[in-house]
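Each remark here refers to the structure printed beneath this line.
The values are calculated or read from the model by the stated rules, or taken from the named source; none is laboratory data. Note that the structure is predicted; figures quoted are calculated from it, not measured. Glycine gets a Cβ as well: all are built from the backbone with ideal geometry, and neighbour counts include every protein chain shown.
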Amino acid sequence: MAIRLVTVAGPPSVGKTSVILRVLDLLREEGMALGVVKFDSLSTADREAYERRGLPALVGLSGGLCPDHFFVTNIEDCLAWGERRGLDLLVSESAGLCNRCSPHIDGVLAVCVVDALAGIHTPKKIGPMLRLADVVVITKGDIVSQAEREVFAFNVRLANPRAPVVFCNGITGQGAMDVAWHLRRAPATETLDGRRLRFSMPSAVCPYCVGETAIGETHHRGNVKKMSFDDHDRA
């Protein structure tokens, strides 16, 4: 049987790793062979966290590149690594940077993790990472009031009406069983060749993307977007 791939994305420090650890603990008890690949920018200690639980883990650091662009050019090799290891399920955890990130693939189960502490309006500010996810996991719901939880979950459903919303506590593991239920039903991924991202990546063709540090219009080339100040000047 082909390996199952799951992409897990979300803003920084929402508890993605904690949720993944709790969920994979449950799936491993069922005899599944599991692995994780973590994409990040400069550094991460998550590999050690996974390996302490006996989970094979890869880490990819994008350095000066956009982590999403780095992800999409390396995920095929990561899938092949998981197949060589004989994994039943491979979880790809995103770096968790800008809310414009879009590391979801057609035909691959997509999970977005968001933090109830971020504010009730945060779901409106998150782009395709949330809007195109198959499952949305809300963390830290135990720290806010019942009313805040309900309003936050309501705004998540407004942003993505088709995805089931699950509350999960990465510390206690409460809710992890519900998330595991969805991961068990992830479709098999025989190959990523020819598959498509669910949404385009953020643009990365301005001079600052390739190392420019000088400020000034003479250094602006390629895909440059300027603000309009006309309305403000007339006010």
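Residue selection: Ser62 satisfies the criterion of being of a type in the set (S, T, N, Q), under 22 Å from Met129 (Cα atoms) and surrounded by 18 or more Cβ atoms within 10 Å (Cβ to Cβ). For region 165-174, which residues satisfy the criterion of being farther than 19 Å from Ser13 by Cβ and surrounded by fewer than 15 Cβ atoms within 10 Å (Cβ to Cβ)? Selection gives Gln174 alone.
Report, by residue number, each residue of region 186-198 that is part of a loop (DSSP other than H, G, I, E, B) and in contact with a strand residue (DSSP E or B) (Cβ under 8 Å, 6 or more places away or on another chain).
Within region 186-198, the subset part of a loop (DSSP other than H, G, I, E, B) is 186-187, 189-196, 198.
The answer is Ala186, Pro187, Thr189, Leu192, Arg195, Arg196, Arg198.
Residues that are modelled with pLDDT under 95, assigned to a loop (DSSP other than H, G, I, E, B) and within 17 Å of Leu5 (Cβ to Cβ) are absent from region 161-179.
Give the residue, chosen from Ala153, Ala147, that is over 21 Å from the mean Cα position of the chain (by Cα) and aliphatic (A, V, I, L, M). First the steps, then the outcome.
On the way: Ala153 fails: over 21 Å from the mean Cα position of the chain (by Cα).
Answer to the selection: Ala147.
In region 13-94, counting only helices (runs of 4 or more DSSP H) that sit wholly within it, the ones holding 2 or more residues that are on the phi < 0 side of the Ramachandran plot, touching a residue at least 12 places away in the same chain (Cβ under 8 Å) and aromatic (Phe, Trp, Tyr) span 67-72. Annotation: of all residues in region 121-152 being crowded, with 19+ Cβ neighbours inside 10 Å and among the small types (Gly, Ala, Ser), the one that is nearest to Asp106 (Cα to Cα) is Ala133.
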